[in-house]
Amino acid sequence: MDKKLVSFIVAGDPNPEATLKFMKALSKHSDIIELGIPFSDPMADGETIQMADIRALNNGMKVSKVFDIIREFRKYSNTPIVVMTYYNPVFNMGLERFLKELKESGGNGLIVVDLPVEDSEEYLSLCKKYGINTIFLAAPNTSEDRIKRIDNASSMFVYLVSLYGTTGVRREISNLAIDFLKRTKKLCKNPVYVGFGISEKEHAKRFIENGADGVVVGSAYVKIIEEYGDSEETAKKLEEKAMELKEGILEGSK
Amino acid sequence: MEMRFGKYGGQYVPEVLIPSLKELEKAYKEYKDDPEFKEELDYYLKNYAGRETPLYFAENLTKKIGGAKIYLKREDLLLGGAHKINNSIGQALLAKKMGKTRLIAETGAGEHGLSSAMVGALFKMKTRIYMGAIDVERQKLNVYKMKLHGAEVYPVESGSKTLKDAINEALRDWVETFEDTYYLIGSVVGPYPYPSIVRDFQSVIGKEAKKQILDIEGKLPECIVACVGGGSNSIGIFNEFKNYKEVKLIGVEAAGEGLDTEKHAAALLKGKEGILHGMLSYFLQDEDGQIRPTHSISAGLDYPGVGPEHAYLKDMGAVEYVGITDEEALNAFLELSKTEGIIPALESSHALAHAMKIAKEMDSDEIIIVNLSGRGDKDLDTVMNYVKF
């Protein structure tokens, strides 16, 4: 099976029109677009994504506009879209209404960072009802039993956090990350995608070589948006970054 | 120990923190009833922190107001000047048992940061305190004290730069450092098992108060009043009394500039159910589920959420929750300073203000206990802006 590139940006950073433009650029080389719902208190995120959340919220981003962006994107592309969020915006809207709107807008999957598998019974049954794929995160210190539970609860892929820490660009990949990837691969029936700290072609290549089914990249793109703002330059650089990462994936797949 | 209080509480955290919380739960269950651990805890509470604290009959204040007898549970007399030390000693001992060598803590008013810095020095643990940049500015004295004890104070510049952001940053630290680091949460908030652990360590307040009032008055009080930010001093005193229906429990939230304005921190009175900092509870938030900025004259109450057990006690009708404005709290601060020669913390002044309101309506043989959770020295900079001599 082809190895995947998942490209993450924050919805509404710096505004919804720009996000749509960036999604189109990224989708040229990405297999899945991951769209983050900005949150006032993103405790699992490093500084880069925190700042993106603030830019989006300060410019009036709303949950309902995330669905608008997806709806608009669907006019141009069939690239699958996964939404990443903290639980509170979903809880606040009502889980069922959120899932219904996500499905109707054309979204395909959902990651709720701070919803543990133990509390996901209702969540899983409603995701199933509305045809939304589920993705749960696993970390390097997750026990084997839990990895199996996480795998069972996931229907699209298992998102493997490659390090102890928050999101953000890191220079190197640790051997711990590779060991953990190998362990997780053995335990999961779902594809295993690796994320957190991946920003370069070589990172992507190394994870794919060691058995990852895909890589998730976020902060590397968000840094480009931070630097170049709402411009054609940004779209071009995002496209180049996605191309570079996809090359890494292809090289790693050989 | 309870994972949830009714539907509230839980463990809403990123996956990487789950093993650390399980480790903490296991350790706490192992030690909480261990005679040696309890003996050690009692030793430090007595000889280091200064327990037991007096239950003081505020006779001048009672006479001036007319009505119920007002007693003050003097947590302000503890080392550091607040009830926070009860919990910090307990958790730091637990951290030591777990083999951790580093402490991190969040703080708003600086009281929990200070008590964490103190136990860090006492137990020779490297300590870092996360504190919102705005709070660093308005609580300079406490910041200085923390540094005296050898702690590193990390000003948090993200978000609203107050307590909630300090918690976010402490959690981000913990995600990376849990192997050698203990996160010493200062209130009955956060993911399970923290709300239970902090309640247990603070429940010494209520245990003492019950024994003391029975010794002095030969009966239980009609009413107990305590302020509620995250809710640790109030849970600490309520816990011992919650099974006595004849004792009315009142939690006082910060009504800031008024409950009908945007500038308050009354999560239970004006918030709605939500999920933040690992718990399902009440939070002040906008229509989109974004957490709202809060306001209170007292940094210790300036938090958009509240501990999950309070949410449950509110739903059950077991505790009455009310609001006191900045102005009312300030007046109570001045009143106690003048009539009793005791300077209360602005947080505790909220509880005092409400007690002064209701004492008038009560009979002279009735009793109110106010949990005087801290002393007001730390607040003098703030108060000087309002009151000139």
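The values are calculated or read from the model by the stated rules, or taken from the named source; none is laboratory data. As the structure is a computational prediction, the values presented were derived from the model and not from experiment. Note that each Cβ is placed from the backbone with ideal geometry, even for glycine, and that neighbours are counted across all protein chains shown. Just the protein is used for accessible areas: all its heavy atoms, side chains included, with ligands, DNA and RNA removed. Shrake-Rupley method; radii C 1.70, N 1.55, O 1.52, S 1.80 Å.
Mind checking which residues of segment A:89-147 are of a type in the set (Gly, Ala, Ser) and either under 22 Å from A:LYS62 (Cβ atoms) or out of contact with any helix residue (DSSP H, G or I) (no Cβ under 9 Å at 6 or more places or on another chain) (or both)?
Initial filter on segment A:89-147 (of a type in the set (Gly, Ala, Ser)): A:94, A:105-107, A:109, A:120, A:125, A:131, A:138-139, A:143.
Scanning segment A:89-147 gives A:GLY94, A:SER105, A:GLY106, A:GLY107, A:GLY109, A:SER125.
Looking across segment B:144-165 at every residue that is under 21 Å from B:ASP379 (Cα atoms) and modelled with pLDDT under 95, the one that is nearest to the chain's Cα centre (by Cα) is identified as B:LEU163. Screening A:LYS205 against (1) out of contact with any Gly (no Cβ under 8 Å at 6 or more places or on another chain); (2) at pLDDT 95 or above; (3) not hydroxyl-bearing (Ser, Thr, Tyr) leaves a single unmet condition, (1). What's the number of the only condition in (1) outside any strand (DSSP E or B); (2) open to solvent by less than 10 Å² (accessible area, probe 1.4 Å); (3) in contact with a Leu (Cβ under 7 Å, 6 or more places away or on another chain) that B:VAL370 fails to meet? With (1) outside any strand (DSSP E or B); (2) open to solvent by less than 10 Å² (accessible area, probe 1.4 Å); (3) in contact with a Leu (Cβ under 7 Å, 6 or more places away or on another chain) applied to B:VAL370, the lone miss is (1). Every listed requirement among (1) under 21 Å from A:GLU47 (Cα atoms); (2) surrounded by 17 or more Cβ atoms within 10 Å (Cβ to Cβ); (3) not hydroxyl-bearing (Ser, Thr, Tyr) is met by B:GLU152 save one, (2).
Pairing residues of segment A:153-171 that are farther than 22 Å from B:GLU169 by Cα with residues that are among the acidic types (Asp, Glu) and at pLDDT below 90, at Cβ distances under 7 Å and at least 6 apart in sequence or on separate chains, gives no pairs at all. I'd like the full set of residues that are in a loop (DSSP other than H, G, I, E, B) and either more than 9 Å from chain A (Cβ to nearest Cβ) or touching a residue at least 24 places away in the same chain (Cβ under 8 Å) (or both), limited to segment B:282-301. Matches in segment B:282-301: B:LEU284, B:ARG292, B:PRO293, B:THR294, B:HIS295, B:SER296, B:ILE297, B:SER298. Exactly one residue out of B:LEU24, B:LEU17, B:LEU94, B:LEU61 is away from chain A (no Cβ under 14 Å), buried (at least 22 other Cβ atoms within 10 Å of the Cβ) and more than 20 Å from the chain's Cα centre (by Cα), and it is B:LEU61.
Of the conditions (1) closer than 12 Å to B:VAL319 by Cα; (2) assigned to a helix (DSSP H, G or I), B:GLY236 clears all except one; give me its number. Of (1) closer than 12 Å to B:VAL319 by Cα; (2) assigned to a helix (DSSP H, G or I), only one is false for B:GLY236: (1).
Within segment A:212-230, restricting attention to residues that are touching a residue at least 12 places away in the same chain (Cβ under 8 Å) and out of contact with any helix residue (DSSP H, G or I) (no Cβ under 7 Å at 6 or more places or on another chain), which residue is nearest to A:GLY165 (Cα to Cα)? Write out each step before concluding.
Taking segment A:212-230 as the starting set, the residues that turn out to be touching a residue at least 12 places away in the same chain (Cβ under 8 Å) are A:212-226, A:229-230.
In the following step, the residues that additionally are out of contact with any helix residue (DSSP H, G or I) (no Cβ under 7 Å at 6 or more places or on another chain) were identified as A:213-214, A:216, A:229.
Values: A:ASP213: 22, A:GLY214: 20, A:VAL216: 15, A:GLY229: 27 Å.
Looking at the filtered set, the residue picked out is A:VAL216.
The condition (being in contact (Cβ under 8 Å) with a residue 12 or more places away in the chain, within 14 Å of another protein chain (Cβ to nearest Cβ) and among the acidic types (Asp, Glu)) is satisfied by just one residue among A:ASP41, A:ASP31: A:ASP41.
In segment B:164-214, which residue that is part of a loop (DSSP other than H, G, I, E, B) and under 25 Å from B:ARG74 (Cα atoms) is farthest from the other protein chains (Cβ to nearest Cβ)? Break it down stepwise before answering.
Step one: filter segment B:164-214 for residues part of a loop (DSSP other than H, G, I, E, B), giving B:178-180, B:184-193, B:203.
Next, only the ones that are under 25 Å from B:ARG74 (Cα atoms) stay: B:184-189, B:203.
Numbers: B:LEU184: 17, B:ILE185: 13, B:GLY186: 17, B:SER187: 16, B:VAL188: 19, B:VAL189: 13, B:SER203: 27 Å.
Only one residue tops the list, namely B:SER203.
Can you pull out the residues in segment A:44-94 that are facing chain B (nearest Cβ under 10 Å), outside any loop (DSSP other than H, G, I, E, B) and in contact with a strand residue (DSSP E or B) (Cβ under 8 Å, 6 or more places away or on another chain)? Of everything in segment A:44-94, those that are facing chain B (nearest Cβ under 10 Å), outside any loop (DSSP other than H, G, I, E, B) and in contact with a strand residue (DSSP E or B) (Cβ under 8 Å, 6 or more places away or on another chain) turn out to be A:ASP53, A:THR85, A:TYR87, A:ASN88, A:VAL90, A:PHE91, A:ASN92. Is at least one residue of segment B:84-94 in a loop (DSSP other than H, G, I, E, B) and under 16 Å from B:LYS32 (Cα atoms)? No - not one qualifying residue is present in segment B:84-94.
Any idea which of A:GLU233, A:GLU240, A:GLU209 is touching a helix residue (DSSP H, G or I) at 6+ places or on another chain (Cβ under 6 Å) and either more than 23 Å from A:ASP45 (Cα to Cα) or open to solvent by 20 Å² or more (accessible area, probe 1.4 Å) (or both)?
On the way: A:GLU233 fails: touching a helix residue (DSSP H, G or I) at 6+ places or on another chain (Cβ under 6 Å); A:GLU240 fails: touching a helix residue (DSSP H, G or I) at 6+ places or on another chain (Cβ under 6 Å).
When all the criteria are applied, what remains is A:GLU209.
Looking across segment B:302-339 at every residue that is free of Cβ contacts under 8 Å to residues at least 60 places away in the same chain and crowded, with 24+ Cβ neighbours inside 10 Å, the one that is farthest from B:GLU111 (Cα to Cα) is identified as B:ALA332.
For B:SER187, indicate whether it is touching a residue at least 12 places away in the same chain (Cβ under 8 Å), of a type outside the set (A, V, I, L, M), touching a His at 6+ places or on another chain (Cβ under 9 Å) and open to solvent by 10 Å² or more (accessible area, probe 1.4 Å). Quick ask: steps written out before the conclusion?
Values: touching a residue at least 12 places away in the same chain (Cβ under 8 Å): yes; of a type outside the set (A, V, I, L, M): yes; touching a His at 6+ places or on another chain (Cβ under 9 Å): yes; open to solvent by 10 Å² or more (accessible area, probe 1.4 Å): yes.
For B:SER187, the condition - touching a residue at least 12 places away in the same chain (Cβ under 8 Å), of a type outside the set (A, V, I, L, M), touching a His at 6+ places or on another chain (Cβ under 9 Å) and open to solvent by 10 Å² or more (accessible area, probe 1.4 Å) - is met.
Name every residue in segment A:168-186 that is in a loop (DSSP other than H, G, I, E, B) and away from chain B (no Cβ under 11 Å), in order of residue number.
First, the residues of segment A:168-186 that are in a loop (DSSP other than H, G, I, E, B): A:168-174.
Matches in segment A:168-186: A:VAL169, A:ARG170, A:ARG171, A:GLU172, A:ILE173, A:SER174.
Of the residues that sit in segment B:43-58 and are open to solvent by less than 80 Å² (accessible area, probe 1.4 Å) and in a strand (DSSP E or B), which one is nearest to B:ALA121 (Cα to Cα)? Give the derivation first.
Residues of segment B:43-58 open to solvent by less than 80 Å² (accessible area, probe 1.4 Å): B:44-45, B:48-51, B:53-55, B:57-58.
Now drop any that are not in a strand (DSSP E or B), which leaves B:55, B:57.
On the way: B:LEU55: 29, B:PHE57: 35 Å.
Among those residues, the one meeting the criterion is B:LEU55.
On the stretch given as segment B:240-281, residues that are in a strand (DSSP E or B), in contact with a Gly (Cβ under 6 Å, 6 or more places away or on another chain) and not aliphatic (A, V, I, L, M) total 3. Taken together, the residues in segment A:7-32 that are in contact with a Pro (Cβ under 9 Å, 6 or more places away or on another chain) and either surrounded by fewer than 24 Cβ atoms within 10 Å (Cβ to Cβ) or farther than 13 Å from A:ILE70 by Cβ (or both) amount to 4.
Yes/no matrix, rows are residues, columns are (1) more than 23 Å from A:LEU99 (Cβ to Cβ); (2) of a type in the set (Phe, Trp, Tyr); (3) modelled with pLDDT of 95 or more:
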position: A:ILE32; (1), (2), (3): no, no, yes
position: A:LEU35; (1), (2), (3): no, no, yes
position: A:GLY46; (1), (2), (3): yes, no, no
position: A:ASN59; (1), (2), (3): yes, no, yes
position: A:LYS62; (1), (2), (3): no, no, yes
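Checked against (1) of a type in the set (Asp, Glu); (2) without any contact (Cβ under 8 Å) to a residue 12 or more places away in the chain; (3) surrounded by 21 or more Cβ atoms within 10 Å (Cβ to Cβ), B:GLU36 meets all criteria but (3). Look at (1) in contact (Cβ under 8 Å) with a residue 24 or more places away in the chain; (2) of a type in the set (S, T, N, Q); (3) open to solvent by 10 Å² or more (accessible area, probe 1.4 Å) and you find that A:SER174 fails only one, number (1). Residues in segment A:1-31 that are touching a Lys or Arg at 6+ places or on another chain (Cβ under 6 Å) and within 17 Å of A:PHE196 (Cβ to Cβ): 1 in all. Just checking, which of B:TYR144, B:TYR130 is hydroxyl-bearing (Ser, Thr, Tyr) and assigned to a helix (DSSP H, G or I)? Going through B:TYR144, B:TYR130 in turn, just one is hydroxyl-bearing (Ser, Thr, Tyr) and assigned to a helix (DSSP H, G or I): B:TYR144.
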